[in-house]
Amino acid sequence: MSNPVTVEVTRGNRVESRHRGLIAVVDADGGLVWSAGDVEAGVFPRSACKAIQALPLVESGAADAYGFTNRELALACSSHNGEDGHVETAAAMLARAGRDGETLECGAHWSFDQATLIHQARTLEKPTALHNNCSGKHAGFVCACCHQGIEPRGYVSYEHELQRQIRAAMEDVTGSLLGSDKCGVDGCSIPTYAVPLKGLAQGFAKLATGTGLPPGRAKAGRRLVEACMAEPWYVAGTKRACTRLMEIAPGRIFVKTGAEGVFCAAIPERGLGIALKCEDGTTRAAEAMIGAVLARFFREDEEVCALLSGFAKHSMRNWNGIHVGDVRVTDALFS
């Protein structure tokens, strides 16, 4: 099945680039509300599924034992900029479990955000694992291990007990059987699984509503989603798409991006989950797609719809501020 062109990028009066995509909007019972492209295709959600990966942190009792608030839970679901507040919160989470950044197995890198990178280059000799955009998630992993009496060493490996717990949670929430044949290695070294896009969307509808999940998991899922909506800066950071989108309609939209053009989202008041992928992995196209899809379900709120639509079509300017073209979604998202 050929996925439709969902985003075009213009320069002058010509289309310079085209991006194909696949989108699924699903209710918690698995009903397909709207779609484009092959929604049964297996997609690596990458960091877009961190709220599912954080379930053992809450379900095990670790989050309560260490006194985590919405900020810590949002950071456990984050792909952050490595801004000072992100790094400090990740370090504080580890300290609650008697650990430090040396325990993290995510690797170290400079921030992907230019302003944060410049700040880091001025203040650091080199980044540590705490500056990794996944350090909050990994801090949550370490805390979940320590509270359960599980040795955290090697927690990124496929056979580690924590990864078994995460895999079981992913299977339960998405309704997909996940084994080594569907497994790859993520950028932060943990296993990542190719999940049918439709199942991924349904998973986030279930997290947001609790429908179809055991009571404890339903409570944990809603708690994580609500924490992210309450503290969107800790999910991503300054000027990031996830933060900006959730700030448009506080408490009404959950959004999380993943590498290679993936977004997962939920609209709790509508009981809907969303999953999408830009086929070629381009972030700018995926951001336009998620803006358009969310706007579709907020048409009755003109202000929110207009702000979301600003992601779906926006101008591009060069370094001299000259308008050179536009990023815009196609009619495929308005069918």
key: the range 214-235 versus the range 271-335: alpha-carbon centroid distance in Å   = 25 Å
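List, in the order given, every pair from Lys126/Lys256; Lys137/Lys277; Lys219/Lys277 whose Cα-Cα distance in the structure shown is over 25 Å. Present the calculation step by step, with values, prior to reporting the outcome.
Values: Lys126/Lys256 28 Å; Lys137/Lys277 22 Å; Lys219/Lys277 28 Å.
Checking Cα-Cα distances, Lys126/Lys256; Lys219/Lys277 exceed 25 Å.
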task = May I ask you to evaluate 6.51 cos²θ - 1.76 cosθ + 1.60, the Karplus curve with θ = phi - 60°, for each residue of the range 233-246 and list the ³J(HN,Hα) values in order in whole Hz, giving x for glycine and proline?
result = 5, 6, 7, 8, x, 4, 6, 7, 4, 4, 4, 5, 5, 6
Highest-first arrangement of 217-228, 74-85, 261-272, where packing means the average Cβ count within 10 Å = 74-85, 261-272, 217-228
note = Whole-Hz Karplus couplings 3J(HN,Hα) for the range 12-17, θ = phi - 60° and coefficients 6.51, -1.76, 1.60, Gly and Pro as x, run x, 9, 10, 7, 8, 9
key: Within straight-line cross-link reach of Lys198, aspartates and glutamates at Cα separation under 16 Å, skipping those fewer than 8 residues along the same chain   = Asp27, Asp29, Asp38, Glu40, Glu171, Asp172, Glu279
request  = Go from 0 up to the bin containing the longest alpha carbon distance in the range 1-131, width 5 Å each, and give me the % of pairs per bin.
outcome  = 2, 8, 12, 14, 13, 11, 12, 13, 8, 4, 1, 0
ask   = Which percent of the Cα-Cα distances in the range 5-333 go past 38 Å?
value = 11 percent
remark   = Residue span Thr211 to Asp100: 0.36 nm per residue of separation minus Cα-Cα distance leaves a gain in nm of 36.3 nm
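Every number in this text was worked out from the coordinates using simple rules, so none of it is lab data. From a predicted model like this one, the values you see are computed outputs, not experimental measurements. So basically every Cβ, Gly included, is an ideal-geometry build from the backbone, and we count neighbours across all protein chains shown.
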